[in-house]
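The values are calculated or read from the model by the stated rules, or taken from the named source; none is laboratory data. Model, not experiment: these values are computed from the prediction. Positions of Cβ are generated from backbone atoms using ideal geometry, with glycine treated the same way; all protein chains shown enter the neighbour counts. The accessibility values were calculated without ligands, DNA or RNA, using every heavy atom of the protein model including side chains. Shrake-Rupley method; radii C 1.70, N 1.55, O 1.52, S 1.80 Å.
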Amino acid sequence: MSLARPHTGDEQARSLQGKTCLVTGGSRGIGRVIAIELARHGADVAVNYRNSIRKAGAVADTIERIGENAVAVESDVAEMETVERMVEEVHGALGTIDVLVNNAGITADRRFSDMTREEWDRVIDVNLGGAFNCSKACYEDVRDSPDGRIINISSVVAQRGNYGQANYAASKSGLFGLTRSLALELAGSGATANCVAPGFTATDMLSTVPDGVRDRIRERIPMNRFAQPEEVVGSVRFLAAPESSYVTGQVIGVNGGMVQ
Ligand code: NAP
């Protein structure tokens, strides 16, 4: 992806100037590209990671080369204590948080008849519990910001279900209910909460799917190809920016035409 800013004169070029964003799971994949995209539009960005400390540091370095402030912050989003510590760290480094992007996510795929309770719990705890924890820890910041935003990264799988992904699909459709409820509770303050539901996207997560299964998935996509992360992040940038101030409680599908 180009690291250059959009052309000067483009009204979107600095649309996030003065904003502080926290992107969970910003070390790799879609989250990495979201973090860089928000910075390209003028935001300071906290890049959360759980394991990938070097990669998160590299994303923060990239953002600083763009000319914005950045910090890499460790937290397992499933653990409230580490989330609270992370948010304090962001406050110290970048100030209060205007935009929270709940992007961190995992899979633990297995057909339902073989899925263990542990596989269910871990996926729900990270994908849905993590969004709860981070939204809780950032709630006052977002509510009191002049342009507060919570953006939850769901999935087309939440809308369709998927073989072998009962835990993942449940976690991702749970984000719809969380988002719509947050949208209602935040509406009086002017802050918004929305979901982006990407289709199948070329990242490490997709590369764990066996080749034959990946081919069958591709055949079901009307555009007959997977998304690149760069094709997903424009919707996140739009939802983060002041121009989306009247959009709340919505799900934006970015899925190559898969029926919702
Ligand atoms: P990915 O390449 O596997 O990256 C996952 C990211 O989440 C990493 O930065 C990882 O950090 C972080 N993470 C995982 N568990 C975490 C935890 N407990 N606490 C904090 N961070 C954690 O995945 P991706 O494809 O970019 O997916 C990003 C989001 O998009 C996920 O929510 C995913 O469900 C969603 N999505 C993906 C696709 C797809 O096809 N790829 C489609 C629809 C939706 P570390 O490396 O530091 O552990």
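Sort Arg180, Arg40, Arg149 from largest to smallest accessible area, using a 1.4 Å probe on the heavy atoms of the protein chains. Don't skip to the answer; put the middle values down first.
Details: Arg180 115, Arg40 35, Arg149 5 Å².
In descending accessible area the options line up as Arg180, Arg40, Arg149.
Considering the chain as a Gaussian network with a 10 Å cut-off on Cα pairs, which listed residue, Val232, Val45, Val209, attains the greatest mean-square fluctuation?
Result for the chain, Cα springs under 10 Å: Val209 fluctuates most.
Just to be sure I understand: with springs between alpha-carbon atoms less than 10 Å apart, which residue in Leu22, Leu175, Leu206 has the highest mean-square fluctuation in the Gaussian network model of the chain?
Sorting by GNM fluctuation, first place goes to Leu206.
All other residues with a Cβ under 15 Å from the Cβ of Pro146 taken together, and with Lys, Arg as +1 and Asp, Glu as -1, what is their net charge?
Details: positive: Lys19, Arg143, Arg149; negative: Asp98, Glu140, Asp141, Asp144, Asp147, Glu243.
For residues surrounding Pro146, the net value is -3.
Under a point spin-label approximation (7 Å from Cα along Cα-to-Cβ), what is the Asp121-Glu185 distance to one decimal in nm?
2.5
How far apart, in nm, are two points set 7 Å out from the Cα along the Cα-to-Cβ line at Asp204 and at Glu84?
2.9
Taking R0 as 35 Å, what's the FRET efficiency between Ala13 and Glu140 from their Cβ-Cβ distance, rounded to 0.05?
Values: r = 30 Å, r/R0 = 0.85.
The pair Ala13/Glu140 has a calculated efficiency of 0.70.
Could you work out which residue, out of Pro198, Pro229, Pro210, moves most in a Gaussian network model of the chain, that is, has the largest mean-square fluctuation with Cα springs under 10 Å?
Pro210
Regarding the chain, what's the average projected area of the Cα-atom convex hull, expressed in nm²?
Working: hull surface 52.7 nm².
Answer in nm², one decimal: 13.2.
In whole Hz, with x marking every Gly and Pro, tabulate ³J(HN,Hα) for the stretch 95-106 from phi via Karplus 6.51 cos²θ - 1.76 cosθ + 1.60, θ = phi - 60°.
Once θ is set to phi - 60°, the couplings for the stretch 95-106 become x, 5, 9, 8, 10, 10, 10, 7, 10, 3, x, 9 Hz.
Answer rounded, prolate or oblate for the stretch 163-240, using the Cα gyration tensor with square roots of eigenvalues a ≥ b ≥ c: rounded when a/c is under 1.5, else prolate when a/b is larger than b/c, else oblate.
On the way: a/c = 3.19, a/b = 1.84, b/c = 1.73.
Note, shape of the stretch 163-240 comes out prolate.
Over the stretch 17-254, give the accessible area per residue in Å² for a 1.4 Å probe, as an integer.
Details: 10220 Å² over 238 residues.
Accessible area per residue: 43 Å².
Run the paramagnetic zone check for Ile53: 7 angstrom along Cα to Cβ, then residues of the stretch 63-105 with backbone nitrogen under 13 Å.
72-75
Give me a comma-separated list of calculated 3J(HN,Hα) values for the stretch 143-153, in order, Karplus coefficients 6.51, -1.76, 1.60 applied at θ = phi - 60°, integers in Hz, x for any Gly or Pro.
With coefficients 6.51, -1.76 and 1.60, one gets 4, 8, 6, x, 9, x, 9, 10, 10, 9, 8 Hz.
Ignoring any ligand, DNA or RNA, what whole percent of the accessible area of the stretch 101-220 comes from carbon and sulfur when the probe is 1.4 angstrom? Spell out each step's value before the answer.
Working: 2730 of 5310 Å².
Solvent-exposed carbon and sulfur of the stretch 101-220 make up 51 percent of the total.
Classify the stretch 220-260: rounded, prolate or oblate, from the alpha-carbon gyration tensor (a ≥ b ≥ c, eigenvalue square roots; a/c under 1.5 rounded; otherwise prolate if a/b is larger than b/c)?
Working: a/c = 4.64, a/b = 1.86, b/c = 2.49.
Taking the square roots of the gyration eigenvalues as a ≥ b ≥ c, the stretch 220-260 is oblate.
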